[in-house]
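Remarks on the structure that follows.
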Amino acid sequence: IIAKKAGKINRLSFLYPFFGAWGKGLFMAYAKAKKHLKIWTKKKAALYVRVSTRYQVDKDSLPFQRKKLKEYCKFLGLEDYVIFEDDGYSAKNTERPHFQEMMSRVRSGEFSHLIVWKVDRVSRNLLDFAAMYQELKDHKVTFISMNEQFDTSTAIGEAMLKIILIFAELERNM
């Protein structure tokens, strides 16, 4: 049921049979209060690749990561993706130009997935990663680490993620 009002289609009129005018009003009030809420229905992935030294850039690491992530997207049925690449930047902090651009676009609601080859490609700092991961959850973005293969939608998956990050930070500090 779609009603026309002054020549315009009222898209929320489908709620009327279920909730009546009261339910429609509540939904409209919620929608107005949550202006920043972006609902992403199309699946689009952000692929993040990084190496910390110029030697790794020349050696094949970046092309290898790109190739594997593209293959994984195809496997998942994600045809739309954007590759963000930081070459020669450490993961000790998040001050990397393409990482910052990617997170800005995540905040705008552009992506449904963030896919990395390994967790330590995105961060070797537990606090930085925790902040980023919370931001991904707030924007309903699924985080996938292709190499570690864990499901962060479960308590065990989240615990495994944190354990891996602790060891990544330890490796960086050694």
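The values are calculated or read from the model by the stated rules, or taken from the named source; none is laboratory data. Small disclaimer: the values here were computed from a predicted structure and weren't measured. Counting neighbours? That spans all protein chains shown, and the Cβs are built from the backbone with ideal geometry, glycine included. Accessible surface areas use protein heavy atoms only, side chains included; no ligands, DNA or RNA. Shrake-Rupley method; radii C 1.70, N 1.55, O 1.52, S 1.80 Å.
Using the structure shown, list the pairs from Lys43/Lys137; Lys140/Lys162; Lys92/Lys140; Lys43/Lys162; Lys70/Lys162 with a Cα-Cα distance above 22 Å, or answer none. Don't skip to the end; give the middle numbers.
Details: Lys43/Lys137 16 Å; Lys140/Lys162 19 Å; Lys92/Lys140 25 Å; Lys43/Lys162 26 Å; Lys70/Lys162 26 Å.
Violating the 22 Å Cα-Cα cut-off are Lys92/Lys140; Lys43/Lys162; Lys70/Lys162.
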Inset, instruction - Mind listing the long-range amide H neighbours of Tyr81? Cut-off is under 5 Å, sequence gap 5 or more, other chains count too, H placed in the peptide plane at 1.01 Å from N. - result: Ala45
Inset, instruction - Any chance you could list P(r) for the range 131-174, counting all Cα-Cα pairs in 5 angstrom bins from zero, rounded to whole %? - result: 5, 20, 26, 27, 14, 6, 1
Legend entry - Per-pair calculated FRET efficiency, R0 = 35 Å: Phe167 and Phe64 via Cβ, rounded to 0.05: 0.95
Legend entry - Ranking by accessible area, most exposed first, for Arg172, Arg96 with a 1.4 Å probe: Arg172, Arg96
